[in-house]
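The values are calculated or read from the model by the stated rules, or taken from the named source; none is laboratory data. None of these values were measured; they are calculated from a predicted model. Counting neighbours? That spans all protein chains shown, and the Cβs are built from the backbone with ideal geometry, glycine included.
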Amino acid sequence: MKIRTIVILGTTAIALALISLWMGQQAYTWFPPQASLEAQLFDQLFSFMVSLGTFIFLGVVGAIAYSVLFQRAGKYDTSDGPHIEGNITLEVIWTAIPILLVIWIAAYSYQIYNQMSILGPMEHIHMKNLGIATAATLDPAPEAPAIHPIEVHARQWVWEFYYPDQKVTSTELHLPNQERSHLLLKSEDVLHGFYVPAFRIKQDIIPGQAIDFEFTPIREGRYRLRDSQYSGTYFAAMQTDVVVESPEAYQKWLTDAAASPPVLAYNQAFEEYHRPQNSPRVGWQTVEPAPPPLVNAPSSQESHL
Amino acid sequence: MNPTEIDALNVASSHSLEAQVSAAHTHDEAGNSMFGFIVFLLSESVIFLSFFTGYIVYKTTALDWLPKDFTGLEIHDPAINTVVLVSSSFVIYIAERFLHAKNLWGFRAFWLLTMVMGSYFLYGQAVEWHSLPFGFTDGVFGGSFYLLTGFHGLHVMTGVLLQGIMLGRSFIPGNYDKGEFGVAATSLFWHFVDVIWIILFILIYVWQ
Amino acid sequence: MTNISVETITQIEPPPPGVPENWKRFFSFSTDHKVIGIQYLVTSFFFFLIGGILAMIIRGELITPEADLLDRTVYNAMFTMHGTIMLFLWTFPSLVGLSNYLVPLMIGAKDMAFPRLNAVAFWMVPVFGVILMVSFLIPGGPSQSGWWAYPPVSLQNPTGNLINGQVLWILAVAISGVSSIMGAVNFVTTIAKMRAPGMTWFRMPVFVWTVLAAQIIQLFGLPALTAGAVMLLLDLTVGTSFFDPAKGGDPILFQHFFWFYSHPAVYVIILPIFGIFSEIFPVYARKPLFGYKVVAISSLVITSLSGIVWVHHMFASGTPSWMRMVFMATTMLISVPTGIKVFAWVATIWGGKLRLNTPMLFALGGLVMFVFAGITGIMLASAPIDIHVNNTYFVVGHFHYVIYGAVVMGMYAALYHWFPKMTGRMYSEGLGKLHFALTFLGTNINFFPMHPLGLQGMPRRVASYDPEFAFWNVIASLGAFLLGMSTLPFLLNMIGSWVQGEKAPKNPWRAIGLEWLLSSPPTAENFEELPIVIAEPYGYGKSEPLVANPDALEVIHESH
Ligand code: HEA
Ligand code: HEA
Ligand code: CUA
Ligand SMILES: [Cu+2]
């Protein structure tokens, strides 16, 4: 009897573990392309979480399902089940196991987070300059490397990028492949969020702060950059593209852009706000969108929603 | 159910159970009210704690902390005010002792003295507010200064009002037959307001 | 104890004295905790339907990628009001209502400690409900800054009016806070001071423990939100600069105030549901709650942990790395006391004699969905994972699984289980099971697709989205409409059965608990003579009386 229980439990656990591992492998397919080093790390961690989660979920739900299917009271059976108030050993086990699991998950997550290290060296800025009113005057740290970080300027509801070394402005973010990208995130009005799903990274942009942000793109292509922190009426329309290209193509794009005169970029929020309403739709008064920026390099592709 | 079973259980039930039964039957209203009031005060203190935390965060992080052309708060008059408010806590305690001793007039005298001291504190604060060169909307310092002192001032005012009511009630014959919950609660509230002020004084005036 | 004979049913016939067969008392300033409990439940369910209709509009907009059904401002108002109504006008008041009804009965008290305060707290609910509704009608419309009301967006006031949607929103939330604090003081005092003789702490049903744990959270959490709300209101109306970065303020500080309360608030919501699970599983599995003491204590452990995890809502916000790591660890710890409960429920069911009545179905369904949601919660707790899915539909999926899957389902379980006690009538099992099937299907079809959407990077709070997200959104919307429909059999069942259901006996479920020793519904003063409790709460499987004086609890009850 005892041995039988152990065998049954053992086989169930092994079967569950196999299913869970399989689920963990499936998890890699649930995402946009892996376009950054951070995305690789993320997917690894997520796959692990899916495996563990599947195991716990199936274990608990399996037990419930077994009871529901096989331990029902007969129609006229009004007797009670056995009077079992508890079992200390069991309770200790199911307190200890989650504690161990938590330590495991937390340690692994910590490790992955450290490897990503997406917040740059200026992170200490949060503690010092919370109330600063004039973010624009804040230059990158004096000890910054020769290459200045690309500045990301967010405002309602425009993304504008500034390459300080070439004095290029654009509404599309170009990044060289296989190189660590350094960004400086700034907002001029409300909170916004810098989010590129293909990179699996995100950072809120806070007015009055300049936030150093880093990551490494590893796959050429065009990806979506979305505002991830709700910023008012046209929040959903505040999107643009990130273009990851070979360092040569990137340099070429920069020199071309530096040589182009600024033009008025397309801006969806602005467009919508000033579009004549042909169908009278009820809406409420909104904050007026910022005018479209004048940039050297406007987006090469536009999307209209 | 089987009656012998119940009997057995009744016998088994201890003295303490019987004590509880009789206690539950007399049902202690004032005790409940006092308990509830303490719970409320504990919760209320978290509001102050939040404001204090906000103040500390602003003070340690803001770049332009003090408004332009303002060098710091004068501490002399507020210190006197503090002494008055803190001593009133002892005065109200004496008033309570008198009430316990059934000396109604002694109670009223010291109770009234507490009210006078509380009112003096409010007056002193009003004078200070008028003399300050900055307003509510002058930066985070202006905002948090008036928010903290104002919110506390509201509590002092509430305290004085409550004291007024209790004073009035003391003239109703037989008012204390059912206990002194109102007086005890008001006095507790007053101590609470006092302790908050001490922290506030240290944060705003001493730590500059 | 176990043999409830037919005679108890016949004894119901004369209306119990003191309870007028009069519906008007539900519209009066009654101080009877049972009337107030039902008032809370009905009012909050009304607002649940309103919040649900807003959700239907949201899903209507999201069935296509373009922002074509609504103006963007209207969409933003929709999710703001949907979230606000669902939390402040449905979950909190409905749970307070249920607790109001049950706690005094379960601990053997004649009423709450402060009956008048109780009534005042209730009547504030319709007041702030009306304030929120009115904000739809004023120029500029209701608040459109999301239920978090993060500044600076919440400080932008395009109409320039002093009375605007955001101001009314803050006012409503503040009144709700005052009402909740009153309730919390009342519950804590009642549980601490009004227990019947013999009702020691470790004889209290777990539901009472969870209510206590939840209300303690209200006491320490709400004041922080109030502080933040006061500062926000001042910024908005008189022009202070607490949270306005343009004037040197700190918008992140508001986030700390907000989440210091609003994270623990989710445990205010879930804890009583844990209590409901703990009451219902033993009854329908005919076994004692497994590990009663540990389950009871773990509620308080959750209460204390709930106060030190709030930054997990701000991982991607202006928080330094050390803060992210510390709060990641504390957040994950919550799974330990929660796991203890989950395993205890599974062990309670295991080896029992299950009877799948509607309340049991809802409780089981709710448990399964809760485990799923808890696991996605642990994923969110991992900072590097949250960095990707924060503010995406993955989060929306996570919390609707808890909030609809566990909380609303748990609430339904409770409403069915105690319906005979509250109304003196039986509900219809058939309709109940139909309701369960539709709800369970609808919830999963509605909220499961949100997870893949979030993983692929679809942000929340968007009126329009890239066409690649269309597939899962259509499914979610269809699920939502099904879920909307699922409320109809419930309404039909509740109203129909209350009016003309079969009369309910004292204890239709053969449940153990003080409330089941009283007639259905109990008399106004609950207990004629206070019960003398002599046993632990879940004595299934051994025939031992719960109280020493079962025959003295009610006057009309003639002893045999
Ligand atoms: C009742 C509501 C409720 C409940 C109970 C929970 C429970 C939990 N929640 Fe959730 N949550 C919300 C409601 C709720 N949440 C809401 C409304 C939001 C969004 C608000 C907004 O942004 O608008 C949110 C958002 C939210 C976030 C922020 C996401 C973001 O915005 O980026 C996070 C991050 O950590 C989180 C985590 C958790 C965790 C760890 C739990 C844990 O308590 C879960 C614990 C349970 C289990 C883990 C399952 C059972 C345990 C076992 C079977 C033991 C073994 C398991 C392990 C060892 C893992 N939640
Ligand atoms: C208790 C809390 C609760 C509950 C129960 C629900 C229930 C539902 N929620 Fe919501 N939701 C939140 C709390 C809740 N939600 C919160 C806090 C947010 C975040 C807000 C923010 O971002 O600020 C949110 C956000 C949110 C979003 C994201 C919006 C966005 O980010 O853009 C969506 C989208 O699908 C959604 C959908 C739904 C749906 C379909 C339901 C369904 O379950 C609803 C089912 C419908 C009904 C129950 C009513 C049906 C009524 C009828 C059919 C009519 C009958 C009427 C009469 C007889 C008069 N919710
Ligand atoms: Cu733009 Cu948030
Ligand atoms: Cu949380």
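Only residues that are small (Gly, Ala, Ser) and within 14 Å of another protein chain (Cβ to nearest Cβ): list them for the stretch C:377-427, please.
Pass one, the stretch C:377-427, residues small (Gly, Ala, Ser): C:377, C:381-383, C:397, C:405-406, C:410, C:413-414, C:424.
Passing the criteria: C:Gly377, C:Ala381, C:Ser382, C:Ala383, C:Gly397, C:Gly405, C:Ala406.
Here are some residues: C:Ala214, C:Ala192. Which one is of a type in the set (Gly, Ala, Ser), free of Cβ contacts under 8 Å to residues at least 24 places away in the same chain and part of a helix (DSSP H, G or I)? Outline the logic, then answer.
On the way: C:Ala214 fails: free of Cβ contacts under 8 Å to residues at least 24 places away in the same chain.
Testing whether each residue is of a type in the set (Gly, Ala, Ser), free of Cβ contacts under 8 Å to residues at least 24 places away in the same chain and part of a helix (DSSP H, G or I) leaves just C:Ala192.
Take the stretch C:289-321 and flag every residue that is within 20 Å of A:Phe194 (Cβ to Cβ), away from ligand 1 (no atom under 13 Å from the Cβ) and within 22 Å of the chain's Cα centre (by Cα).
Those that are within 20 Å of A:Phe194 (Cβ to Cβ), away from ligand 1 (no atom under 13 Å from the Cβ) and within 22 Å of the chain's Cα centre (by Cα): none in the stretch C:289-321.
How about the stretch A:158-211: which strands (runs of 3 or more DSSP E) wholly inside it have at least 2 residues that are closer than 27 Å to C:Tyr150 by Cα?
Numbers: elements: A:158-163, A:168-170, A:173-176, A:181-187, A:192-196, A:201-205.
Those strands (runs of 3 or more DSSP E) span A:158-163, A:181-187, A:192-196, A:201-205.
How many residues, within the stretch C:455-496, are among the small types (Gly, Ala, Ser), more than 11 Å from ligand 2 (Cβ to nearest atom) and crowded, with 21+ Cβ neighbours inside 10 Å? Steps first, please.
Filtering the stretch C:455-496 down to residues among the small types (Gly, Ala, Ser) leaves C:457, C:463-464, C:470, C:476-477, C:479-480, C:484, C:486, C:496.
Okay, now just the ones that are also more than 11 Å from ligand 2 (Cβ to nearest atom), so C:457, C:470, C:496.
Next, from what is left, pick out any that are crowded, with 21+ Cβ neighbours inside 10 Å: C:457.
Looking only at that region, the number is 1.
Just to be sure I understand, how many residues within the stretch C:527-543 are of a type outside the set (A, V, I, L, M, F, W, C), away from chain A (no Cβ under 13 Å) and surrounded by fewer than 23 Cβ atoms within 10 Å (Cβ to Cβ)? Step through it out loud before you land on a result.
As a first pass, look at the stretch C:527-543 and keep what is of a type outside the set (A, V, I, L, M, F, W, C): C:528-529, C:531, C:536-543.
Filter once more, so that each one left must be away from chain A (no Cβ under 13 Å): C:528-529, C:531.
Remaining after also requiring surrounded by fewer than 23 Cβ atoms within 10 Å (Cβ to Cβ): C:528-529.
The total comes to 2.
Scan the stretch B:38-53 and report the pairs whose first residue is more than 7 Å from every other protein chain (Cβ to nearest Cβ) and whose second residue is in a helix (DSSP H, G or I), with Cβ atoms within less than 6 Å and a gap of 6+ or a chain change.
B:Leu41/B:Phe192; B:Phe48/B:Ile196
Report yes if C:Gly539 is in contact (Cβ under 8 Å) with a residue 12 or more places away in the chain, more than 27 Å from the chain's Cα centre (by Cα) and under 14 Å from C:Val283 (Cα atoms), otherwise no. Explain how you work it out, then say what you get.
Working: in contact (Cβ under 8 Å) with a residue 12 or more places away in the chain: yes; more than 27 Å from the chain's Cα centre (by Cα): yes; under 14 Å from C:Val283 (Cα atoms): yes.
In short, yes.
Are there any pairs with C-beta distances below 7 angstrom linking a residue in the stretch C:348-376 that is at the interface with another protein chain (Cβ under 7 Å from one of its Cβ atoms) and of a type in the set (D, E, K, R) to a residue that is within 15 Å of ligand 1 (Cβ to nearest atom) and outside any helix (DSSP H, G or I), with the two at least 6 apart or on different chains, and if so which?
none
If a residue must be modelled with pLDDT of 95 or more and within 11 Å of another protein chain (Cβ to nearest Cβ), how many such residues does the stretch C:200-216 contain?
2
If you check B:Leu104, B:Leu162, which single one turns out to be farther than 27 Å from B:Lys59 by Cα and within 17 Å of the chain's Cα centre (by Cα)?
Values: B:Leu104 fails: within 17 Å of the chain's Cα centre (by Cα).
After applying the criteria, what remains is B:Leu162.
Taking the conditions exactly as written (more than 16 Å from ligand 2 (Cβ to nearest atom), in contact (Cβ under 8 Å) with a residue 12 or more places away in the chain, more than 7 Å from chain C (Cβ to nearest Cβ) and not small (Gly, Ala, Ser)), does A:Leu58 satisfy them or not? If you could, list the steps in order and put the result at the bottom.
Numbers: more than 16 Å from ligand 2 (Cβ to nearest atom): yes; in contact (Cβ under 8 Å) with a residue 12 or more places away in the chain: yes; more than 7 Å from chain C (Cβ to nearest Cβ): yes; not small (Gly, Ala, Ser): yes.
Yes; evaluated as a whole, the condition is true for this residue.
Exactly one condition in (1) within 30 Å of C:Glu515 (Cβ to Cβ); (2) within 8 Å of ligand 2 (Cβ to nearest atom) is false for C:Leu62; which is it?
The failed condition is (1).
Which count do you get for residues in the stretch A:1-47 that are over 29 Å from the mean Cα position of the chain (by Cα) and closer than 20 Å to A:Tyr110 by Cα?
Qualifying residue count for the region: 0.
Tell me which residues, restricted to the stretch C:284-319, are more than 16 Å from ligand 4 (Cβ to nearest atom), farther than 14 Å from C:Ala347 by Cα and within 13 Å of chain A (Cβ to nearest Cβ). Quick ask: steps written out before the conclusion?
Of the stretch C:284-319, the ones more than 16 Å from ligand 4 (Cβ to nearest atom) are C:284-301, C:318.
Those left that are additionally farther than 14 Å from C:Ala347 by Cα: C:293, C:296-301, C:318.
Answer for the stretch C:284-319, where residues must be more than 16 Å from ligand 4 (Cβ to nearest atom), farther than 14 Å from C:Ala347 by Cα and within 13 Å of chain A (Cβ to nearest Cβ): C:Lys293, C:Ala296, C:Ile297, C:Ser298, C:Val301, C:Gly318.
Considering only residues that are loosely packed, with under 14 Cβ neighbours inside 10 Å and within 14 Å of chain B (Cβ to nearest Cβ), look in the stretch A:93-146 and name the one that is modelled with the lowest pLDDT.
A:Thr134
One line per residue, one yes/no per condition, for (1) under 30 Å from C:Met199 (Cα atoms); (2) in contact (Cβ under 8 Å) with a residue 24 or more places away in the chain; (3) within 13 Å of ligand 2 (Cβ to nearest atom); (4) buried (at least 22 other Cβ atoms within 10 Å of the Cβ):
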| site | (1), (2), (3), (4) |
| --- | --- |
| C:Tyr75 | no, yes, yes, yes |
| C:Phe79 | no, yes, yes, yes |
| C:Thr91 | yes, yes, yes, yes |
| C:Gly97 | yes, yes, no, yes |
| C:Met124 | no, yes, no, no |
| C:Leu132 | no, yes, no, yes |
| C:Ser143 | no, yes, yes, yes |
| C:Ala149 | no, yes, yes, yes |
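Every residue, every condition in (1) among the charged types (D, E, K, R); (2) within 16 Å of ligand 3 (Cβ to nearest atom); (3) at the interface with chain C (Cβ under 9 Å from one of its Cβ atoms), yes or no:
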site	(1), (2), (3)
A:Asp165	yes, no, no
A:His192	no, yes, no
A:Tyr195	no, yes, yes
A:Ile206	no, yes, yes
A:Ile218	no, no, no
A:Arg226	yes, yes, yes
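Out of B:Trp129, B:Trp111, I need the residue that is buried (at least 19 other Cβ atoms within 10 Å of the Cβ), more than 14 Å from chain C (Cβ to nearest Cβ) and not acidic (Asp, Glu). Which one?
B:Trp111
Could you go through the stretch C:300-315 and let me know if any residue there is under 30 Å from C:Ser464 (Cα atoms), in a helix (DSSP H, G or I) and either touching a residue at least 60 places away in the same chain (Cβ under 8 Å) or of a type in the set (Asp, Glu) (or both).
So far as the stretch C:300-315 goes, yes, one or more of its residues are under 30 Å from C:Ser464 (Cα atoms), in a helix (DSSP H, G or I) and either touching a residue at least 60 places away in the same chain (Cβ under 8 Å) or of a type in the set (Asp, Glu) (or both).
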